[in-house]
Structures are given as C-alpha cells and as structure tokens.
Amino acid sequence: MTRAEADTFKARAGAALADHHLKTAIDRTTRTARQKREAAVAGWPGFSRARDLGARIKDHVIENLDHYLIEFERNARASGAIVHYASSAGDACQIVVRICRDAKARTVTRSKSMLGEEIGLPHALDEAGLGRVETDLAEHIVQLAHDRPSHIIWPALHRTREDIAALFREHHHTPQNSDDIPAMVASARRQLRGGFLAADVGISGANFLIADSGAVCTVTNEGNAELTTTIPRVHIVTAGIEKLVPSLPHAFALLRLLVRSATGADITQYTTFHCGPKRAGDLDGPEAFHIVLVDNGRARMLGQGLAEMLRCLRCGACMNHCVVYNEIGGHAYGGVYPGPMGAVLTPVLDGLETSRDLVHACTLNGRCQEVCPVDIPLPAMLRGWREKSWAQGLEPVTQRSFIGLWAFVVTRPRLYRLGAGLAIKTLRLFARDGWIRALPLASGWTSTRDFPKPARRTFMAQYQAQKRNRGL
Amino acid sequence: MRKVGLFVTCLADLFRPRTAFAAAALLERAGCDVEVPRLQTCCGQPAYNSGDTQNARRIARRVISAFETFDYVVAPSGSCAGTIKLHYPDLFADDPAWRTRAENLAARTCEIVSFLADVCSYSPRDVALAASATYHDTCSGLRELKIERQPRALLSSVKGLRLIPLPDVQSCCGFGGTFCVKYPSISNAIVDEKATNIESTKADLLLGGDLGCLMNMAGKLRRRGSAIRAFHVAEILAGMGDGPAIGEEP
Ligand code: SF4
C-alpha cells in the first residue's frame, strides 16, 4: 500500500475495525458516558426547556457576534487583559509563540483545549523549541505516546488502562509500582508537578467568554487548568469566537447542559473564572494575561449554511452515541474533531475534497442530534455537505452514473416495472434456500451478510393480476 | 371513508410484496378505501441522501403528482414516509408552487402503524400468534416521525405474542441506505453488534417497520447461523405471521 492509500478514510477505518483492543477501549468509555448522560437527563425534568434555551442563547450570540466581540474586548481590556485577533490557525500559533518569546519563556504548560489542537498549537510550540508540558492527564498520555487525541472529552480514550500503565512505566522518572488507578495518577502527578512549578507561560482554552465582564470561564475535572493559569508569569487563553456569551447567567445555563451531556455529572470538579492579570494585593495570578480570539473559518461558516454548528459546546455526546464512531474510533476520521460534529467541521477546516468520505460515512440515523444539548441538526448538515460535494463534482464517477441511471429508470414507471421484473428474476438465480450468499457487484453486503431472495413477482405485478382476476 | 393512496416502497415492491399486501389489508380493515397508484416507483431517498438534489426533485415531483389527490398517503416504512413528510418541502425551498404542493402532501403522509393507531384508532382483533418477538425501532420512524409507542400498543393486542425488550434498542442497525454499500465493513460491524443484542433476547421473531433495516439485520442473523426470523410489523398485525419470514420466500 502506498502512503496515500494508507491515509484514506477507508484504510484508516479498516485498520480500526481490525483492532479489537481499540474496540474494547472505546466501549469501556462511551458505554459509561451514555449511561451517565441518560441518568442525568432523566433526573432533570426541565432538560428539554433548558436545551431550547441553550440553543437560543447560542443563536443570539452568533447573530450578534460583532456586538459581543466588541463588548468582550472592551471589558477584557479594562480588566488588564491584552486581546489579540487571529483569523487563521497559523496566525493564532504565531501570536502565541511571539508572546512566549517576548516573555523569554523556556517552558510552557498547557491545559486541554480542543481549539489548541485545532490550530496545531502543540506542534507549533515544539517547532519553536519551547518545552511543552501537557497538564491534562489524558493529554499527557497522548504526548508521551506521540499520539493524537481521539475524543474531544477523553483525548486518550483509545488507550486502555493497561496501555497507559506500560507507557508510564517506560517514561516516568519514578513510575507507579502498582497499576491501580490512584497509583497511576500519583505517578503522573509526580512527573508533572515539576513542570507546573517551573513553567514561564501557561496556555489554556476557554469554555465561555463572558462579554459583559471580559472574564474567561474554563471547566476541568483535574484542576490542572488552575495550576496552568495561576503559577506561570504569563497566561494565554486561546478561544474560538463562538465561545462568547452575553453574561454569567448565560454561561451557567450552557454549563449545566455541557456537563450533563459530557459526563452526566451535575457540575465539573473545577469551574474557574479568569478576569485580567494579577492585581496589586492579589496573592497569585499571572503578571500578563493574553486572550487570543480565533476565527479560523468560523465567520465563513455563517455564509455556508453552517451557522448552527457554531452552537457546539464540545461536549462529545454526539460521538458517544454515534454507531460509526463507536466502531472506528476518533483517529479514523483523520481530522482534529471526530464523530458527527467532526464530520461537519472537518470539511470547513481541511476542505471538502479531502474529507468527503466523512460526510458520507454516516447512516443519518439522527441520534447525534437527539442527544446534542443544543439541538444541532447534524444529519441535515452532513446532507448539506453531500449536496455541495455532488454539485462541485467531487463524487466519484461510478457513484454519479449509478445514481443517474437509477434516477432515469425510477422516473419512468413503465421502464421501472420492466427493470424490476427482470432484476428479481436475475437475483433469484443466485438464491439457495431463500438466501443469496454471494452476489457480484454487491459483495460488500454478501461478504458478511446474506441477502434475502426476492419474491417471484413484484408487488405491483401481483396486485394488478389480482385486480384483473377480481374483474376490477 | 378515508381515501388512502398506498405508497408501496421500492423494497416492498421488489423484495417483500407480503409487506405491502399486509399494509393494504390493514388499511381496509381499518375502514379505508385503499388505492395503489400505478405511477409510483421510489421516494427518491438514494438520490436525496447522495446529494443529487436535482434528481431527488424530479422524483419528488412525480410522487407528489401521483399522490396528491388522496386524503392520505400511507407507506409501510418510516424512512420513506419521513422523506415525503419532512424532506420534500425542503427540496422545494426555492420553488413556491411546488413547495406548497409538497407541504400539502407532507401534511397527509403517514407511516402505516402510526396511521392505524393515531388516525384510524385501529387495533387488530382476532389476530393470534404464539411466539416471542423483539421489536427494533428503525431510526427514521423513531426520530423523524416519533413512532415508538404505536407498534408496541398494536402488537400487544396480538394474542399469544410475547414482546421481549431489545437491549440498546435505540441504536441504528447500520443499514443507512447507500451507506451499507459505500462503507460495507463499518456497516457490518454495526449490524454485528445489533445481531448480538437481538440474539440475546432469545426471541423467535425480530420485528421492525422498515424493510431496509430488516433485510440488513435478517441477513446478518442468517449469516451468523441464528434461527431468529424477521417480519415487517405490518405482516404480524395483519395475521400473516404464519407465512414465510424474510428470506423464506418460495
Ligand atoms: S455537536 Fe452537540 S453533541 Fe456534539 S459535541 Fe457539539 S454540542 Fe456536543
């Protein structure tokens, strides 16, 4: 296999399907996530109202993005923060690296941020020669293994506990001596603490940007974001512009939806608000506080019929409930964001040409939208991408001619009747005991499932004959 | 009397006429005047879901013309009914005249089981079948048309039939129309999990409301050597459960 072939969606999916270890790892996490979410939603009588409200808050902000950007910037500046705008991933990385250089930083700590992954920040920091310490436990695992995240909430979901134990034993200075979870966490803590304390710059993401105060809200379960952002001299927040909310109550309304949908908990362990740098009399906090607001295709999505995608809270529920994700895992998608939301976003970020498989590799069963806490019409958006792909001529010729021929026939009922009669006669030739075990041109089906033998005559033929017999 | 146009669906026409006969019989028993327009073929989903909007529109216009004179259009499929009901109007977003016609048709289009239960208040009498069955909610019916309660309610009046809940019932079977042809190995992995769940019920029968999904699951069960037999729910309600199951056509 050439490299190009090995790097197609189908090849990656095929490799994932053959990896039973991966399937075990996926199931362990997503099954629990589904159960916990279900319990959380069942115990929240106002869920569907909260969900409507959440979608409305996001839509309102997206429709008034300019207004809230200006308001946020003004208030953030007033609190002493320095606000930067980045229109692309490259710009955003350059800004962050420049801030680090200006601060004469040698090492940076980073807490988990999907936006950081989206803009390729880990790579940019490494390239710039900055020592990078990933403080989120899962991101730490991903970094040790030279991996990529495979889930937006649990980046190391593709690794089993057994894998991780081995990884720690290989890389940690004083690894755990037992493989139970507390011992492993303690090992990671020993490894990471030094990095926390020595870092010059801390980089975090944001879950909400609160326009009327200029504050930034982050949620974590490990408390690593707090250590990332309070100890170093400089704190940099990178955030997508869609993270804006008008005010604190809006952030809380969305936070409740986010946390319940992601982990089924009522609230995350740590919910932190940052507002400006350390002030006179503050005991801790950074000397400089930068906020990098990133567009990277978001404004363009408004004009592409993808505005609703900007509601996304990055909760991961859509992938936890996706039958395709649950078979192939996150890496097979090939983009930063996997699962249903990734299949919608990757064509925006990487172009439709290289990601057209993602928008087709979906059964359109609708469960993702059903569990999405802000009711994003993910199936309709994937269908929208399929339309664009068809209109732009990106669909393979075989596909186009097949659909074209089929449409030619179904729009001519008499021809269709003729063809249908012929088709079932032919199919019946392949059947043994009511089933077809192998069928040329349909080996995708028959290599793994049987195909039922059709009836002797079509319904239409039988029905017309009956009508004639009855003299109707 | 309600004048109903039966939308046969291409899969019932080609592979499983018994499903359409069952639907016609049920509609008659529920007091409808049933007709089967001869100009029908397919609802156009393969084109629509492939992104070929132009062909999807051409097919939709034909379906609309063939069915718009009926009081109701009823299909033994959640996904075909869902296409007409929810997606036809969208197809003509920029064409006011056809949009109105599409919306008129959409408002009168139903899936068979929910139509029997909700519009006709029908439930089968004197239908008996001594068997155990598990019911899979096919995704378009469940999520687009909110069909969940109706098939269970109607099946509960079939004497002797015992319904066994299907674990993880809400997850898709992996059929997905053209999906199962374009990504057969992913589709297979999904239906394999579904088959494991179906077998775990130890039911005699698998029931559902969409032939595409049923053929997918039945084909997988058969390849796995399982003895569970699959029927469209309409066949059971029409008292045709003693006939050949899917894959037992003479
Ligand atoms: S699309 Fe919806 S379900 Fe998926 S991550 Fe975003 S908010 Fe969560």
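Report the dimensions of region B:188-250 along its three principal axes from the alpha-carbon atoms, largest first, rounded to Å.
For region B:188-250, the Cα extents along the three principal axes come out at 33, 22, 21 Å.
On the full set of protein chains, 1.4 Å probe, figure out the accessible area of B:Ile84 and give it in Å² to the nearest 10.
Accessible area of B:Ile84: about 0 Å².
Which of rounded, prolate or oblate describes region A:217-278 when judged by the alpha-carbon gyration tensor and an a/c cut-off of 1.5? Don't skip to the answer; put the middle values down first.
Working: a/c = 2.25, a/b = 1.38, b/c = 1.64.
Oblate shape, in that a/c is at least 1.5 and b/c is the bigger or equal ratio.
Can you tell me the Rg and Dmax of region A:1-79, counting just the alpha carbons, in angstroms?
Every Cα atom of region A:1-79 included, Rg and Dmax give 22.0, 58 Å.
For the pair A:Asp102 and A:Thr8, how long in nm is the line joining their label points, each one 7 Å along Cα→Cβ?
Label-label distance for A:Asp102 and A:Thr8, simple model: 4.8 nm.
With a 1.4 Å probe and all protein chains in place, put A:Arg356, A:Arg414, A:Arg169 in order of accessible area, largest first.
A:Arg414, A:Arg169, A:Arg356
Give, as a single signed number, the net charge of other residues whose beta carbon lies under 14 Å from the beta carbon of B:Cys139, with Lys and Arg counted +1 and Asp and Glu -1. Walk me through the numbers on the way to the answer.
Values: positive: A:Arg367, B:Arg143, B:Lys146, B:Lys194; negative: A:Glu370, B:Glu111, B:Asp137, B:Glu144, B:Glu148, B:Asp168, B:Asp210.
Net charge around B:Cys139: -3.
Counting only protein heavy atoms and using a 1.4 Å probe, what share of the accessible area of the protein assembly as shown belongs to carbon plus sulfur, as a whole percent?
Working: 15520 of 29350 Å².
In the protein assembly as shown, the share of accessible area belonging to carbon and sulfur is 53 percent.
Over what distance in Å are the Cα centres of region B:39-68 and region A:57-136 separated?
Taking the Cα centre of each part, region B:39-68 and region A:57-136 sit 48 Å apart.
Looking at this model, which pairs from A:Lys58/B:Lys182; A:Lys425/B:Lys85; A:Lys425/B:Lys3; A:Lys10/B:Lys85; A:Lys388/B:Lys85 are more than 29 angstrom apart at the alpha-carbon? Write down the numbers at each step before the final one.
Values: A:Lys58/B:Lys182 35 Å; A:Lys425/B:Lys85 33 Å; A:Lys425/B:Lys3 34 Å; A:Lys10/B:Lys85 33 Å; A:Lys388/B:Lys85 23 Å.
Too far apart for the 29 Å limit: A:Lys58/B:Lys182; A:Lys425/B:Lys85; A:Lys425/B:Lys3; A:Lys10/B:Lys85.
I want the local charge near B:Tyr88. Using Cβ-Cβ distances under 10 Å, sum +1 for each Lys or Arg and -1 for each Asp or Glu among the other residues. It would help to have the intermediate numbers written out before the result.
Values: positive: B:Arg57, B:Arg61, B:Lys85, B:Arg99, B:Arg101; negative: B:Asp90, B:Glu103.
Net of charged neighbours comes to +3.
In degrees from 0 to 90, rounded to the nearest 10, what is the angle of the helix A:459-469 Cα long axis to the longest principal axis of chain A?
30
For region B:192-250 and region A:282-305, write down the distance between their C-alpha centroids in whole Å.
The distance from the Cα centre of region B:192-250 to that of region A:282-305 comes to 53 Å.
State, as an integer percentage, the relative contact order of chain B based on alpha-carbon contacts under 8 Å between residues 6 or more apart.
Numbers: 435 pairs, mean separation 48.5, N = 250.
19 percent.
When the Kirkwood radius is taken over all Cα pairs of the protein assembly as shown, what Stokes-Einstein diffusion coefficient follows at 20 °C and 1.002 mPa s, in µm²/s?
Result for D is 78 µm²/s.
For chain A, what's the relative contact order in percent, using C-alpha pairs closer than 8 Å and at least 6 residues apart?
Numbers: 737 pairs, mean separation 86.0, N = 472.
So the answer I get is 18 percent.
Could you sort A:Leu382, B:Leu163 by their accessible area in this structure, using a 1.4 Å probe and putting the largest first? Could the numbers behind the result be given before it?
On the way: A:Leu382 5, B:Leu163 70 Å².
Sorted by accessible area, descending: B:Leu163, A:Leu382.
Using a Förster distance of 22 Å, how high is the FRET efficiency between B:Arg149 and B:Lys202, based on the Cβ-Cβ distance and rounded to 0.05? If you can, show how the numbers build up before the last one.
Values: r = 25 Å, r/R0 = 1.11.
Using R0 = 22 Å, I get an efficiency of 0.35.
When ligands, DNA and RNA are left out and all protein chains stay put, how many square angstrom of accessible area per residue does region A:42-174 have with a 1.4 Å probe? Show your work: numbers first, answer last.
Working: 6250 Å² over 133 residues.
For region A:42-174, the per-residue accessible area is 47 Å².
Dipole magnitude of region A:262-368 about its Cα centre, charges +1 at Lys/Arg Cβ and -1 at Asp/Glu Cβ only, in debye to the nearest 20? Before the final figure, lay out each step's value.
Details: 8 positive and 10 negative charges, 43 e Å.
Charge dipole, region A:262-368, about its Cα centre: 200 debye, nearest 20.
Which of the listed residues, B:Ala66, B:Gly78, B:Pro96, is farthest toward the dipole's positive end in region B:3-118, when Lys, Arg count +1 and Asp, Glu count -1 at the beta-carbon?
Result: B:Ala66, furthest along the dipole toward the positive end.
Relative contact order for region B:1-89: what is it in percent, counting Cα pairs under 8 Å that are at least 6 residues apart?
Numbers: 105 pairs, mean separation 36.5, N = 89.
Value for region B:1-89: 41 percent.
What's the local net charge at A:Asp295, with K and R +1, D and E -1, over the other residues with C-beta under 11 Å away? The partial results should precede the final answer.
Working: positive: A:Arg298, A:Arg300; negative: A:Asp91, A:Glu242.
Residues near A:Asp295 contribute 0 overall.
With +1 on each Lys and Arg Cβ and -1 on each Asp and Glu Cβ, and nothing else charged, work out how big the dipole of region B:3-118 is about its Cα centre, in Debye to the nearest 20.
On the way: 13 positive and 13 negative charges, 51 e Å.
In debye, rounded to 20, region B:3-118 gives about 240.
Of all beta bridges DSSP finds with both residues in the protein assembly as shown, what is the antiparallel percent, to the nearest 5? Show your work: numbers first, answer last.
Numbers: 11 of 57 bridges.
Of those bridges, close to 20 percent are antiparallel.
Per residue in region A:403-417, which ones lose no less than 30 Å² of accessible surface when going from chain alone to all protein chains (1.4 Å probe)?
Residues meeting the cut-off: A:Ile403, A:Trp406, A:Ala407, A:Val410, A:Thr411, A:Pro413, A:Tyr416, A:Arg417.
Taking only Cα atoms, what is the 0 to 90° angle, nearest 10, from helix A:9-18's long axis to the longest principal axis of chain A?
90
Label region B:72-174 by shape, choosing from rounded, prolate and oblate, from the square roots a ≥ b ≥ c of the eigenvalues of the Cα gyration tensor; if a/c is under 1.5 it is rounded, and otherwise prolate applies when a/b is larger than b/c, oblate when it is not. Could the numbers behind the result be given before it?
Details: a/c = 4.09, a/b = 1.87, b/c = 2.18.
Verdict is oblate for region B:72-174.
Which value, in Å to one decimal place, does the Kirkwood hydrodynamic radius take for region B:3-118 when every pair of different Cα atoms is included? Working shown, then result.
Values: mean 1/r = 0.0713 Å⁻¹.
Result for region B:3-118, one decimal place: 14.0 Å.
Checking the a/c ratio against 1.5 first, then a/b against b/c, what shape does the Cα gyration tensor give for chain B? Don't skip to the answer; put the middle values down first.
Numbers: a/c = 2.01, a/b = 1.28, b/c = 1.57.
In terms of gyration-tensor shape, oblate.
Any chance you could tell me what percent of the C-alpha pair distances in region A:49-298 go past 32 Å?
20
The values are calculated or read from the model by the stated rules, or taken from the named source; none is laboratory data. Here the structure is a predicted model, which is why all the values come from computation and not from measurement. Counting neighbours? That spans all protein chains shown, and the Cβs are built from the backbone with ideal geometry, glycine included. Accessible surface is based on the protein model in full, side chains and every heavy atom, while ligands, DNA and RNA are left aside. Shrake-Rupley method; radii C 1.70, N 1.55, O 1.52, S 1.80 Å.
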